[in-house]
Structure formats: C-alpha cells, structure tokens
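Report on the structure given below.
Throughout, read-outs are computed from the coordinates displayed, never taken from laboratory work. Just so it is clear, the model here is predicted, and its values are computed rather than measured. So basically every Cβ, Gly included, is an ideal-geometry build from the backbone, and we count neighbours across all protein chains shown.
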Amino acid sequence: MQSQTTSNLLMIRPVRFGFNEQTAGSNAFQNTDLATQSRDVVQENALREFDEMTHQLMASGVNVIIYDDLPEPYTPDSIFPNNWVSFHYSGTVVLYPMQAPNRRLERRLDIIDDLAKEYHVAKIVDLTHFEQEGKYLEGTGSLVLDRMKKIAYACLSPRTDADVLAEFSHQTGYNVVAFSAVDAAGIPIYHTNVMMCIGDVFAIVCLAAIADPDERLTVRQSLVNSGKHVIDITLEQMAHFAGNMLLVTARKGQKLLIMSTQAFDSLSARQRDELDDFATLFHFNLSTIEGNGGGSARCMMAEIHLPSR
C-alpha cells in the first residue's frame, strides 16, 4: 500500500523572496502591511528561517533535497514548490496550472530531470494548459491528499477549479471530495492546505470553515471512514496556520509533524497531547515567510514519493 509519509522532501532556497502583489488579491493570509518592507531585509530574514528549518530537518534524519532559486526570472514565492509539482508512488509527476503569472515561472524541468537521476519518473502529467482557460489547481496547496486511500480533498476557490480537479482525478485515479470554505471574515480560503492536514491515522481540519452543513458532514465522514482520528481546529487557529502541517518520516521511522511556531503556539494543550500520540511535534519560526508569503511550513515542502532507482 502507498505510504502517507516520506522522508524525501524537495525544498527551494530563496534568492529574492518577498511580498507578491500578484497573489495578494486571493490570499488573505498575506499581511499587506508588510508590502513596503525592504526587499533585502525580507529576503535576509526569510533565508535565515529557511536555513534553520532545513538544518533541523536534516539533523533529524529527513532527506531534504535543496535547490537554490534563480535570481532571474523574478519569482518571489519560489519557496513554495508544492504548488507547481507533486510526486507520486506510481512514478508520476504532476505539473499544475498557477493563477499568478510570476508563479508560473517557478516551474523548473531541470529539477525534475535532476531528480530523475535518483528516482524513477514513469510519466509527467502536465495540467498547465488549463492556464489558457483561466482555470487553476495549485498542487498540494489546492489538494490535500490521502495517499493511502487515494482521496483528494479540495476547497474550491479562484485557485482550485472543478474542471482541473476532474482531470487530476482522471489522470491519477484519486477520488475527489470537493467543498467550499471561508475564513472568519467570510473570505474564500485560497488553498485547502491552510485548513486541513492528513496524516496516516489522523487528520487536522477546520470544520467551522465549511459553511454548508452537508459538505461539512461529507468531509468529516470521509475522514472517519478512512480511519482518521479527526482533530478539529478553530477559525482563529486556522488563521495562525494550524492547518498547514505535514507529517514526514525521519530516521528509524520516527514520525515528525512539521509546523510553524505560530501554528504550534495556537494549539491547545489538549490538541498537542492528541497529536503527540501520533508524531513528534516539530516547529520553526517562519514569521517572515508566513507574513509576506501567506503560506507556512507545509507549503515549503514538496514530498517526493517517487520510487528510488
């Protein structure tokens, strides 16, 4: 059976990280007050946060494969590679259509070619042609995958289109559970992975964000039927990125639940105790990346589930 977790992660070391004006319109998690900060200072702070996170992950036995971003073209969000690519146990690599023009420039086939030297790439599913129709599906930001049960959870938004979801399902065999969700201000949630995380035997989800009671029940029931212990987070906790976590495998099979310090601090003592039963909680200060990029720890990691050569 396909494992839910992996110890192999792709991460992109930023060169010109900063507040992306092209994404701010649909990402309420970006702090617009930071838009006028010095780009050099933002890059310096983000790089420090990135290096500290990757250093600690590697020291804990996680295989982090790091590629430096390129100074040109300008890609301020390249630190979030999970939006343009996903890697699957079948040997499939999926490339995704992105809403912001400068985010489309993040896609790098040279990285896939390089990874193919160590991992088996059987086929590439290229969904990027949907950009010409104004339809988007931004990787495992739009999709939260139960890889064991082949279920893709997706919160519909300007960046998560139903037609592209259907094509993803057709190409990969995943069953889709689609729904709508909003934050405390009633603003549509831009990416599913800020409200939901799926582990091997647990799931974190902000059910309060799903306004429709039938959709809310469908999501919860799907998780329960898949054998997941459901940990419900509040809208306020979601706003602190408590849904933006990723379960990874470290040395000797140890499970690490990766999150930001902001997310960790938002959890109640009871929630931490619950999660401690399933994994070691591993958190990092990512305040610069979160405030400017509107994404957190999970967004920075693209899991490599490809079979080794």
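Values as computed for the structure displayed
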quantity: Relative exposure of Cys206, Cys155, judged by other C-beta atoms within 10 Å (fewest first); calculated: Cys206, Cys155
quantity: Share antiparallel - DSSP beta bridges, the range 8-303, percent rounded to 5; calculated: 45 percent
quantity: Per-residue Cβ neighbour rank within 10 angstrom, fewest leading, Met58, Met11; calculated: Met58, Met11
quantity: Karplus-derived HN-Hα couplings along the range 179-185 (A = 6.51, B = -1.76, C = 1.60, θ = phi - 60°), whole Hz, x at Gly and Pro; calculated: 7, 10, 8, 9, 8, 5, 8
quantity: Nonlocal amide H pairs with Ser7, under 5 Å, H built at 1.01 Å; calculated: Thr249
quantity: Only Lys, Arg (+1) and Asp, Glu (-1) charged, at Cβ; the range 97-154 dipole about Cα centre in debye; calculated: 220 debye
quantity: Extreme residue, positive dipole direction of the range 8-303, given options Ser180, Ala239, Leu275 (C-beta unit charges); calculated: Leu275
quantity: Interatomic Cα distance distribution for the range 129-213, bins of 5 angstrom, percent; calculated: 3, 15, 27, 24, 19, 9, 3, 0
quantity: Candidate aspartates and glutamates - alpha carbon under 14 Å from Lys149, same-chain residues fewer than 8 apart omitted; calculated: Asp200
quantity: Listed residues Thr140, Thr261, Thr192, most fluctuating in the chain (Gaussian network, C-alpha, under 10 Å); calculated: Thr261
quantity: Global form of the range 172-217, assessed from the alpha-carbon gyration tensor, a/c cut-off 1.5; calculated: prolate
quantity: For the chain, calculated [θ]222 nm from helices alone, where every DSSP H run of n ≥ 4 adds -39500 (n - 2.57); calculated: -7500 deg cm²/dmol
quantity: Choice from Leu165, Leu109, Leu137 showing the highest fluctuation, given a GNM over the chain with Cα pairs closer than 10 Å; calculated: Leu109
quantity: Long-range amide H partners of Met301 with built H, under 5 Å; calculated: Asn82
quantity: Mean Cα-pair separation over length for the chain, i.e. relative contact order, pairs under 8 Å, 6 or more apart, %; calculated: 25 percent
quantity: Rounded D (µm²/s) - the range 207-247, Kirkwood Rh over Cα pairs, Stokes-Einstein at 20 °C, 1.002 mPa s; calculated: 192 µm²/s
quantity: 20 Å-binned pair-distance histogram of the chain (Cα, whole percent); calculated: 36, 62, 2
quantity: Summed side-chain charge close to Leu286 - residues other than Leu286 whose Cβ falls under 10 Å, Lys, Arg +1, Asp, Glu -1; calculated: -3
quantity: Calculated P(r) of the range 66-202 - Cα pairs past 23 Å, %; calculated: 34 percent
quantity: Euclidean distance between Cα centres, the range 81-150 to the range 276-302, Å; calculated: 21 Å
